[in-house]
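Since every read-out is calculated from the coordinates, none of them should be taken as a lab result. The model shown is predicted, which means the values in this text are computed figures rather than measured ones. As a convention, Cβ positions derive from the backbone with ideal geometry for all residues, glycine included, and neighbour counts pool all protein chains shown.
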Amino acid sequence: MRANGGLIAKLGPVLLGIHIVALPLYPHMPLPVLMLTALFTVWTLLIISGRLAQPGRLLMLLLTFLVVAVLMQSFGTILGQQPGSAMLLLLSFLKLFEMKSTRDIAIVIFMGFFLIASNFFFSQSLLIAVYVFIVVVYLTSVLIVFSDRLGTTRHNVRIQRAFAMIVQATPLMLILFLLFPRVPGPLWGLPKDAQAGTTGLSDEMSPGSINRLVQSGEVAFRVKFTGSPPSRAQRYWRGLVLSHYDGRSWRLDNAPARTFPMLFASDNAQSNYSYTVMLEPHNQQWLYTLESLIEYEDQQRVTRELQLVLANKVTDVISYTLRSDTSAQNRGLFAAERSKNLALPDGFNAKTVAFAKRLFDQSNRDSQTYLASVLQHFNQQDFYYTLSPPFLGEHAMDDFLFATRRGFCEHYASAFVYLMRAAGIPARVVVGYQGGAMHPFDDYMIVRQSDAHAWTEVWIEDDGWIRIDPTAAVSPTRIENGIENAGLERNLLPSILVSDNALFQRARYAWDSFHNNWNQWVIGFDQERQQQLLELIGLKNVTISNLVTWLVITMTFATGLVAWWVLRKESVWQKDLIRRHYDKYCRKLDKAGIGYRPHESASELMMRAIKVLPGKQQELAMITADYQRLRYGDDDSELRRKRFIRAIRRFRARR
């Protein structure tokens, strides 16, 4: 069935709206979905141009099956974050194919409102929020286009009216945001594929895994200290411990959950730090802490390896407050843990094992002496710290220690632990971040993905687990002065670290301050922050029932106030609309030499105009009569108003 030709001709803005809505989603869509989107776009353009008719029912049914088949082939399901967003996008195109009335247009636009909201599954940044606002204004203006059947509203006026409507709804939105009862944790669980594209450390480490991450300038987390922060050399942000090695990669192998850490805090107050971490979503369960953690929150758990973990993955910006003691000692090692941290895969790296045993014998089989000898070997031999190390073969340790001697922190940490275990000394890899820079205009520290780092822990019988960072033996400036001053390839480091442009740096830091406040007061506006805000206005110990009561009262009052203002402005706007079009009519007369005189009435202006334009007498009389009735009389019907506006648009002041 063919739809109304005039309606089809107006589908251009709706098609554009779908693509504007889906633009941030396209990078997350697989190629088959993008190809089907392109096909449907071309098809819609051909329908708009009149070269193709709208698909019939049978073809629409086949297209629906095609959409489902593409989704199943791409995702294996039609449920979830990405398949759900893709399905809504493709169904929007299918709805365009069966346009029969403006009601169908409205359905597609309302689907666009849902689709634009799905962008927040992938990012909740301030930039996405601004983009969503702009798109909502555009979609609302498109709704106005199709509600204005006579086309009497200009494009800029439609945008203004759409913006005004959103501004009118803003008080209600703010009330709901501030007073709607918050519950601990998320209101719903995101699908398994939520935050699938989030960058950060994974639960395994292989050659190249960290140096690729270091090339990103994205923020990993921010830290606000109570008092002075530790020195850069003490800023080791512990993430997870990797104990299992298969010859290529190090993987997580935690101790049983029933075991507890054996951490002994020091009496040194200067090594004690209280701080709050604002962690960006990384889609993992672990949190980052300053070594060594001694106090944490109730909903968190500490493993025997001193990893701080949550029950659920971090898919939103979260904040948590901790206390650490950089001088604390970890003395936890039981039999199974000792065996795990001595294990090496069979049949790999014979040269490395032989070298370790020989060096251990030369060190009189003393762990401390051997440890120092290995670090001295890294420091005095021709080892290089680089972001572009050569490829390592099957025997990765042999290749690195005796052939390439070029690597990044994961190469040195991996080789060091291997050498320790080969000598019978328990050791393990720790990955996290090292460093962080204080914000120059604000009171918090920024730790970026470029600060990602790997170091080691070695068991010494009299001292327990001690941190050894073999990178410091090769590139001490990396630890003392940061990754940007480690002599690495500057073209591989993020621009925020190596740029010498002062204006660029100030702009980036200013933007980070805005982003941090957005994270804290919008994304991170949880039950605790809601209570803090209510206490600021004098409402203490507010219960959920109190919140609901305040919500109903304020929403009722605000709705009534907005409704009164809108109705009052609508009446004034209609009169102003008539005056604006009459002024346009006067400008047209002025071009014909009939200048408007402020002291004369509309009738007097009409009489002068008739003398100059006798052939326009009927048009002039009708415009004047309608203006007087609409502006000063009691006849302000919709029909007369539209006739008046249409007559002025068609009027031409020619003799």
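Using only Cα atoms, what is the ratio of the radius of gyration of the stretch 580-655 to 2.2 N^0.38 Å?
1.03
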What's the FRET efficiency of GLN160 with VAL552 using the Cβ-Cβ distance as r and R₀ = 30 Å, to the nearest 0.05? 0.40
Give me the log10 of I(q) over I(0) for the stretch 465-512 at q = 0.17, 0.26 Å⁻¹, as the Debye formula computes it from C-alpha points; what are the numbers? -0.63, -0.95
In whole angstrom, note down how far apart the Cα centers of the stretch 224-285 and the stretch 607-655 are. 79 Å
Go ahead and collect, in residue order, the members of the stretch 411-450 whose backbone nitrogen is under 20 Å from a label point 7 Å along the Cα-Cβ direction of ALA335. 424-427
Just from its helices, what would the mean residue ellipticity at 222 nm be for the chain, if runs of 4 or more DSSP H residues each count -39500 (n - 2.57) and the sum is divided by every residue, rounded to the nearest 500 deg cm²/dmol? -15500 deg cm²/dmol
Can you tell me which of 372-379, 237-244, 54-61 comes out highest on packing, and rank the rest after it, using the mean Cβ neighbours within 10 Å? 237-244, 372-379, 54-61
Calculated log₁₀ intensity ratio I(q)/I(0) where the Debye formula runs over C-alpha points of the stretch 32-76, q = 0.20, 0.30 Å⁻¹: -0.71, -1.07
So for the stretch 204-498, what percent of the C-alpha to C-alpha distances run longer than 30 Å? 29 percent
Could you tell me, in Å, what Rg and Dmax come out for the Cα atoms of the chain? 34.4, 120
From Cα pairs below 8 angstrom and at least 6 apart in sequence, can you work out the relative contact order of the stretch 5-147, rounded to a whole percent? 33 percent
Quick one: P(r) of the stretch 212-280 from all Cα-Cα pairs, 10 Å bins, percents rounded to integers, in order of increasing distance. 13, 32, 36, 18, 1
Put a dot 7 Å past each Cα toward the Cβ at CYS586 and ILE107; how far apart are the dots in nm? 4.8 nm
In a Debye calculation with equal point scatterers on the alpha-carbon sites of the stretch 374-450 and no solvent, what is log10 I(q)/I(0) at q = 0.22, 0.23, 0.28 Å⁻¹? -1.05, -1.11, -1.37
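Kirkwood Rh over Cα pairs of the stretch 5-147 into Stokes-Einstein at 25 °C, 0.890 mPa s: D in µm²/s? The partial results should precede the final answer.
On the way: Rh = 15.6 Å.
Answer, rounded: 158 µm²/s.
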Along each principal axis, Cα extent of the stretch 429-476, largest first, Å: 46, 22, 17
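Can you tell me the length gained on complete extension of the stretch SER206 to SER231, counting 0.36 nm per residue apart and subtracting the Cα distance?
Details: separation 25, 0.36 × 25 = 9.00 nm, distance 2.92 nm.
Taking SER206 through SER231 to full extension adds about 6.1 nm, to one decimal.
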